[in-house]
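Engineer: Here it is, the structure, as structure tokens.
The values are calculated or read from the model by the stated rules, or taken from the named source; none is laboratory data. Note that the coordinates shown come from a computational prediction; the quantities given were computed from them, not determined experimentally. A quick note on method: Cβ atoms are made from the backbone with ideal geometry, for glycine too, and the neighbour counts reach across all protein chains shown.
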Amino acid sequence: MQRQPAAMLLDWRGRRCGNARLAAAGMAISAATDRVLANSAARTRDLGGPLGTMAFADRLIAAIPPV
């Protein structure tokens with residue numbers, strides 16, 4: 001699992017403050033990012049895929065489950 005800065009921050013803050021929802025959000029973002037990047041057709045051009053950043057962001061947002 002790759003860790004993204006925003007996900008790491010949410011996870012850290014959640015653990016530090018005892019807020020399980022923040023920690024879960026951080027883990028959900030990391031897991032969704034891994035799922036999306038596993039599909040080469042869903043990657044941005046700099047990662048060998050066909051998408052621009054907005055299209056990638058749309059897919060990533062759609063892959064993050066509610067917490």
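Engineer: For segment 24-51, what are the residues that are among the hydrophobic types (A, V, I, L, M, F, W, C) and farther than 19 Å from Ala62 by Cα?
Structural biologist: Within segment 24-51, just Leu47 meets the criteria.
Engineer: Can you tell me which residues in segment 5-32 are at pLDDT 95 or above and either at positive phi or among the hydroxyl-bearing types (Ser, Thr, Tyr) (or both)?
Structural biologist: Gly18
Engineer: To continue, here is another question. Kindly indicate whether Leu9 is of a type in the set (A, V, I, L, M) and in contact with a Lys or Arg (Cβ under 9 Å, 6 or more places away or on another chain).
Structural biologist: no
Engineer: Please specify each residue of segment 1-39 satisfying the condition of being in contact with a Leu (Cβ under 8 Å, 6 or more places away or on another chain), of a type outside the set (D, E, K, R) and free of Cβ contacts under 8 Å to residues at least 40 places away in the same chain.
Structural biologist: Gln2, Leu10, Gly14, Leu22, Ala23, Gly26, Ile29, Ala32, Thr33, Val36, Leu37
Engineer: What number of residues within segment 43-67 satisfy the criterion of being more than 21 Å from Ala24 (Cα to Cα) and of a type in the set (D, E, K, R)?
Structural biologist: The total comes to 3.
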